[in-house]
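The values are calculated or read from the model by the stated rules, or taken from the named source; none is laboratory data. Note that this is a predicted model, so its numbers are computed, not measured. Heads up, the Cβs are rebuilt from the backbone with ideal geometry, glycines too, and the neighbour counts pull from every protein chain shown. Just the protein is used for accessible areas: all its heavy atoms, side chains included, with ligands, DNA and RNA removed. Shrake-Rupley method; radii C 1.70, N 1.55, O 1.52, S 1.80 Å.
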Amino acid sequence: MGVKQAIKSLDAFPRAEDHLLQKTQSGALVSVVGLVIMAILFLHELRYYITTYTVHQMSVDLKRGETLPIHINMTFPSLPCDVLSVDAIDMSGKHEVDLDTNIWKLRLNSYGQIIGTEYLSDLVEKEHAEHKHDGDKDQHEDADQKLHGFDQAAENMIKKVKQALAHGEGCRVYGVLDVQRVAGNFHISVHGLNIYVAQMIFEGATHVNVSHVVHDLSFGPKYPGIHNPLDETVRILHDTSGTFKYYIKIVPTEYRYLSKEVLPTNQFSVTEYFSPMKEFDRTWPAVYFLYDLSPITVTIREERRSFLHFITRLCAVLGGTFALTGMLDRWMFRLLEALTKQNARSVSR
């Protein structure tokens with residue numbers, strides 16, 4: 001009997017006496033509230049388990065000989081497309097004017113509606129073809145035609161741009177620049193114009209309004225949770241002009257999905273500087289994006305919590321809720337029992 005009694009003493013689930021199994025309305029209320037709380041906590045834990053989280057790691061960037069894609073989408077509400085050019089220069093000395101990559105310019109009216117489009121590479125190819133054709137002609141005849149052609153072209157350009165300015169035309173520039181993976185800059189300005197033509201159109205650099213809206217600027221495809229600090233940046237100038245400079249620090253990034261797919265991209269930080277245009281400045285207003293690459297690459301990896309972790313948290317939450325509601329039920333039962341006895345004594349007296 002001693003051994004059996006010792007084994008019974010180890011029972012963690014003793015049977016309650018019959019008078020402790022009484023069902024009450026307060027117990028039913030506490031039970032319903034406890035079940036609702038446990039259901040809510042279960043759904044919360046399930047969502048916590050299913051939701052992925054990211055882990056960030058840093059390492060030295062070992063990429064070589066790759067290109068850097070620059071996605072741009074900007075609006076210049078006060079400058080027509082005919083005077084805007086996209087230029088780029090990098091540390092290797094490569095300098096390109098009116099880049100012949102996948103860049104488009106959309107003509108906008110004063111209300112921001114599209115009224116026409118231009119594909120920059122087509123314009124550049126046409127210009128190169130004209131220069132080649134001119135080079136095959138006689139020197140004296142070529143000089144006369146160039147002079148006459150330049151005057152006529154300049155006249156037409158001035159007339160067309162002044163008419164566009166009078167109608168309040170703007171321009172939207174968007175596309176992708178593929179540049180070398182070295183430090184450099186690209187800028188959007190009126191630098192592609194002949195200096196005399198620009199002077200006749202604007203009557204001075206102080207009248208060039210480079211107000212702009214950056215709809216999107218990124219250095220690669222977007223991944224979940226990325227934040228590009230220049231998106232939806234609005235810079236509008238009133239009765240002044242100047243040069244905007246955005247100093248950009250690019251951080252090479254790899255995003256690894258749960259499916260093991262790897263997305264190479266870049267994230268960046270930016271510092272902005274504005275230099276107002278003075279009356280005797282020889283430079284012309286522009287919007288510069290000066291970028292440099294970090295030697296450190298960031299790897300962002302998606303992960304999901306283990307099933308064992310989910311079960312552990314679930315047992316702790318549900319067990320704790322069950323114990324708490326049991327304590328609450330006992331307290332309420334004793335309180336109601338004490339009040340009932342006190343009322344009975346008052347009636348008997």
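Contact map, the stretch 93-104: residues that are on the phi > 0 side of the Ramachandran plot paired with residues that are crowded, with 16+ Cβ neighbours inside 10 Å and modelled with pLDDT of 80 or more, Cβ distance under 9 Å, separation 6+ or inter-chain. Pairs shown: 98/85; 98/86; 98/87. All conditions but one from (1) modelled with pLDDT of 80 or more; (2) open to solvent by 30 Å² or more (accessible area, probe 1.4 Å) apply to residue 223; the one that does not is (2). Restricting attention to the stretch 57-73, the residues that are open to solvent by 40 Å² or more (accessible area, probe 1.4 Å) and either touching a His at 6+ places or on another chain (Cβ under 9 Å) or not small (Gly, Ala, Ser) (or both) total 9.
To keep it simple, each residue is scored yes or no on (1) within 27 Å of residue 79 (Cβ to Cβ); (2) not charged (D, E, K, R).
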site: 220; (1), (2): no, yes
site: 240; (1), (2): yes, yes
site: 243; (1), (2): yes, yes
site: 252; (1), (2): no, yes
site: 255; (1), (2): no, yes
site: 271; (1), (2): yes, yes
site: 287; (1), (2): yes, yes
site: 292; (1), (2): no, no
site: 308; (1), (2): no, yes
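The residue that is farthest from the chain's Cα centre (by Cα), counting only those in the stretch 1-45 that are modelled with pLDDT under 85, open to solvent by less than 100 Å² (accessible area, probe 1.4 Å) and within 29 Å of residue 310 (Cα to Cα), is 11.
Only one of 239, 216 is more than 18 Å from residue 159 (Cα to Cα), out of contact with any Lys or Arg (no Cβ under 9 Å at 6 or more places or on another chain) and without any contact (Cβ under 8 Å) to a residue 12 or more places away in the chain; which? Write out each step before concluding.
Details: 216 fails: without any contact (Cβ under 8 Å) to a residue 12 or more places away in the chain.
From the options 239, 216, the qualifying one is 239.
Inside the stretch 259-316, residues that are among the charged types (D, E, K, R), assigned to a loop (DSSP other than H, G, I, E, B) and farther than 24 Å from residue 190 by Cα make up a count of 4.
Yes or no: residue 279 at negative phi, charged (D, E, K, R) and at pLDDT below 90?
On the way: at negative phi: yes; charged (D, E, K, R): yes; at pLDDT below 90: yes.
So residue 279 passes the test.
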